[in-house]
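The values are calculated or read from the model by the stated rules, or taken from the named source; none is laboratory data. Fair warning: this is a prediction, and the values are worked out from it, not measured in the lab. Quick reminder, even Gly has a Cβ in these numbers, built from the backbone with ideal geometry, and neighbours come from all protein chains shown.
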Amino acid sequence: MDIEIHKEEIPVERKTFAFSLRQNPRGRFLKITEEVGGHRDTIIMPSTGLQHLRSVIDNLIEADKKAGPVVPPLPVVDPAAMPQTAEASRAAE
(Lines give C-alpha, C1' and ligand atoms only; values in the text may rest on other atoms or scores of the structure.)
Protein backbone atom coordinates (compact mmCIF):
# COMPACT_ATOMS: atom_id res chain seq x y z
CA MET A 1 0.00 0.00 0.00
CA ASP A 2 1.25 3.47 -0.91
CA ILE A 3 1.44 6.37 1.51
CA GLU A 4 1.02 9.83 -0.01
CA ILE A 5 3.59 12.26 1.41
CA HIS A 6 2.73 15.35 -0.64
CA LYS A 7 0.50 16.17 -3.63
CA GLU A 8 0.09 19.17 -5.90
CA GLU A 9 -2.01 19.71 -9.02
CA ILE A 10 -1.45 22.08 -11.93
CA PRO A 11 -4.22 22.93 -14.42
CA VAL A 12 -2.71 23.69 -17.86
CA GLU A 13 -5.12 24.53 -20.67
CA ARG A 14 -7.56 21.60 -20.82
CA LYS A 15 -5.33 19.21 -18.85
CA THR A 16 -4.63 18.64 -15.18
CA PHE A 17 -1.24 17.39 -14.01
CA ALA A 18 -1.04 15.79 -10.56
CA PHE A 19 2.33 15.36 -8.84
CA SER A 20 2.26 12.99 -5.91
CA LEU A 21 5.27 12.09 -3.75
CA ARG A 22 4.51 8.63 -2.40
CA GLN A 23 6.17 5.84 -0.48
CA ASN A 24 5.66 2.09 -0.30
CA PRO A 25 7.74 -0.82 1.07
CA ARG A 26 9.92 -0.70 -2.09
CA GLY A 27 10.84 2.98 -1.66
CA ARG A 28 9.83 6.57 -2.33
CA PHE A 29 8.72 7.78 -5.76
CA LEU A 30 7.08 10.58 -7.71
CA LYS A 31 3.84 9.73 -9.48
CA ILE A 32 2.94 12.15 -12.28
CA THR A 33 -0.57 11.86 -13.72
CA GLU A 34 -1.94 13.72 -16.72
CA GLU A 35 -5.73 13.84 -16.93
CA VAL A 36 -7.64 15.12 -19.95
CA GLY A 37 -11.24 14.41 -20.81
CA GLY A 38 -11.53 11.62 -18.24
CA HIS A 39 -8.46 9.80 -19.63
CA ARG A 40 -5.39 9.39 -17.42
CA ASP A 41 -1.75 8.62 -18.18
CA THR A 42 0.73 8.08 -15.36
CA ILE A 43 4.48 7.78 -15.02
CA ILE A 44 6.45 6.80 -11.93
CA MET A 45 9.96 8.04 -11.11
CA PRO A 46 12.02 6.84 -8.16
CA SER A 47 12.81 9.71 -5.79
CA THR A 48 16.52 9.18 -6.49
CA GLY A 49 15.90 10.87 -9.87
CA LEU A 50 14.19 14.01 -8.53
CA GLN A 51 17.29 16.23 -8.47
CA HIS A 52 18.11 15.28 -12.06
CA LEU A 53 14.47 15.92 -13.06
CA ARG A 54 14.68 19.37 -11.46
CA SER A 55 17.84 20.14 -13.45
CA VAL A 56 16.18 19.03 -16.70
CA ILE A 57 13.07 21.13 -16.01
CA ASP A 58 15.24 24.18 -15.19
CA ASN A 59 17.06 23.70 -18.53
CA LEU A 60 13.74 23.40 -20.39
CA ILE A 61 12.43 26.60 -18.76
CA GLU A 62 15.55 28.48 -19.89
CA ALA A 63 15.28 27.06 -23.43
CA ASP A 64 11.62 28.12 -23.56
CA LYS A 65 12.54 31.68 -22.51
CA LYS A 66 15.30 31.87 -25.14
CA ALA A 67 13.00 30.54 -27.87
CA GLY A 68 10.84 33.66 -27.63
CA PRO A 69 7.09 33.88 -28.14
CA VAL A 70 5.15 30.90 -29.40
CA VAL A 71 4.34 31.25 -33.08
CA PRO A 72 1.04 29.62 -34.05
CA PRO A 73 1.45 26.92 -36.67
CA LEU A 74 0.39 27.69 -40.22
CA PRO A 75 -2.82 25.98 -41.31
CA VAL A 76 -2.40 22.89 -43.46
CA VAL A 77 -3.74 23.57 -46.93
CA ASP A 78 -4.63 20.91 -49.48
CA PRO A 79 -2.89 22.00 -52.72
CA ALA A 80 -5.69 20.46 -54.80
CA ALA A 81 -8.20 22.80 -53.12
CA MET A 82 -6.20 25.93 -53.98
CA PRO A 83 -7.25 27.99 -57.00
CA GLN A 84 -4.75 27.80 -59.85
CA THR A 85 -3.02 30.91 -61.06
CA ALA A 86 -3.04 31.72 -64.76
CA GLU A 87 0.66 30.83 -64.89
CA ALA A 88 0.04 27.41 -63.32
CA SER A 89 -2.86 26.77 -65.72
CA ARG A 90 -0.62 27.46 -68.74
CA ALA A 91 2.11 25.20 -67.35
CA ALA A 92 -0.39 22.36 -66.93
CA GLU A 93 -1.42 22.55 -70.62
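Residue by residue, here is whether (1) touching a Phe, Trp or Tyr at 6+ places or on another chain (Cβ under 8 Å); (2) on the phi > 0 side of the Ramachandran plot holds:
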| position | (1), (2) |
| --- | --- |
| Ala18 | no, no |
| Arg22 | yes, no |
| Gly27 | no, yes |
| Ile32 | yes, no |
| Thr42 | no, no |
| Gly49 | no, no |
| Ser55 | no, no |
| Yes or no: Ser20 among the polar types (S, T, N, Q), surrounded by 10 or more Cβ atoms within 10 Å (Cβ to Cβ) and outside any helix (DSSP H, G or I)? | yes
| message | Out of Val56, Val71, I need the residue that is at pLDDT below 95 and within 17 Å of the chain's Cα centre (by Cα). Which one? | response | Val71
| remark: How many residues of the range 1-17 are within 19 Å of the chain's Cα centre (by Cα) and assigned to a strand (DSSP E or B)? The answer is 8
| On the given criteria, is Ala63 loosely packed, with under 10 Cβ neighbours inside 10 Å, assigned to a helix (DSSP H, G or I) and either of a type in the set (D, E, K, R) or at pLDDT 95 or above (or both)? | yes
